[in-house]
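Worksheet for the structure shown next.
Nothing in this text is a laboratory measurement; each read-out follows from the coordinates by a stated rule. A quick note: this is a predicted structure, and the numbers were derived from the prediction, not measured.
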Amino acid sequence: MSLFWVIALLGVAKAGEYAGDFLELGIGARPEALGGGTVGVSEEVGGVVWNPASLSGLRHTVVWAGYTPLSPLGYWDGYHYLGFAGPFGEAVLSASWVRLQVTGVPRFPELPGGRRERLQRAQDLALQGDGVPEGYFSASDDALYLTFLKENSFTLDLGWRFFELPLSLPVGVSVKFLRKSLGDAKGRGVGLDLGGMVQVELSHLVAHEALGELCLGLAIQDVGNTMVLWRSRHADRIRWRGCIGASYYQHFSFGRVLFLWGREVHCGGRSHWGVEWTKGKVALRVGYDGERPRAGVGLGWERFKVDYAIVPRDFGVLHRITGKFLP
């Protein structure tokens, strides 16, 4: 369990480096099963963490909830998310809440001794503690996303010698409110994410009816470096991050196939890959996050959808479950 505590502690105690990292766990089992980098995937309510424009193409109101257990000791130790999204004219509005929480973290007294004693502590039992905590505390990270997307469509005239090309250019913005807690220490911040997409039917571009839709995405997270202000008056900043991505939908006689790719501008430019096969109410997914493979499945029944993903991480394997309801 100590590895889970480290995640929460780093995310709160060193906000300048790790405060936004808990959001990289994503929202939704489907994006995570596809590798996590759904920057260029439309109609994906769980993609707002990566790109606010991922709500593009949403035609019905969707309510979703998800849970990822991080500990066998209790339900509340985990990664929770809840949200809804719906179309309003040519726009889409969404609200999403994300929470990472770890409870029952032991607090130990400070051990006596100077630098030399600390170096000798591993060999000298007299310098070691008795292992009895003097108390317990909880650590948590919360994020509330308010997302607005505007659909923009126009026809690009390439001249009389060529043709007219219909394009869709959705643009989205997310305002996110961050709240952090580590025992008695509290911090808050407000961030801004921007994103856009270019969507084109390749059948129009190359005059071949069998081809599908190509989507290119670009997003900037934490525009202007998000500030986290603590009660102690100390302030940390979350550095901005950029992502690019692309996806391609192709229909076959055996179902629809989605291919996606995404790349992060930060963290050494890690790439994400994913493939999804859909037939009716059943979907199979595989992905790669630049370090490890992932997989998942989706099932639908009337107005309900359930997605599951198995996601290997440094601290263990996560089992992610997301439920969606279309009222």
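Taking only Cα atoms, what is the 0 to 90° angle, nearest 10, from helix 2-13's long axis to the longest principal axis of the chain? So the inclination is approximately 80 degrees.
With a threshold of 23 Å on the Cα-Cα distance, the over-threshold entries among Lys279/Lys305; Lys150/Lys180; Lys186/Lys324 are Lys150/Lys180; Lys186/Lys324. Normalised Debye scattering of the chain at q = 0.08, 0.14, 0.16 Å⁻¹ gives log10 I(q)/I(0) of -0.42, -1.11, -1.39, counting only Cα atoms as equal scatterers and leaving out solvent. Listed values for the range 81-89 are Karplus-derived 3J(HN,Hα) couplings in whole Hz (6.51 cos²θ - 1.76 cosθ + 1.60, θ = phi - 60°), namely 8, 8, x, 8, 8, x, x, 9, x, and x replaces Gly and Pro.
Given the rule -39500 (n - 2.57) for each run of at least 4 DSSP H residues, summed and divided by the residues of the chain, what is its mean residue ellipticity at 222 nm, to the nearest 500 deg cm²/dmol?
Working: 5 runs with 31 residues, N = 327.
That calculation yields -2000 deg cm²/dmol at 222 nm.
For the range 272-318, rounded, prolate or oblate, judged on the Cα gyration tensor with a ≥ b ≥ c (square roots of eigenvalues), a/c < 1.5 rounded, else prolate if a/b > b/c? Judged from the Cα gyration tensor, the range 272-318 comes out oblate (a/c at least 1.5, b/c at or above a/b).
Direction-averaged projected area, Cα convex hull, the range 144-301: 13.7 nm², rounded to one decimal.
If the convex hull of the alpha-carbon atoms of the range 218-325 is projected onto planes in all directions, what is the mean projected area in square nanometres?
Details: hull surface 39.1 nm².
With every direction weighted equally, the projected area is 9.8 nm².
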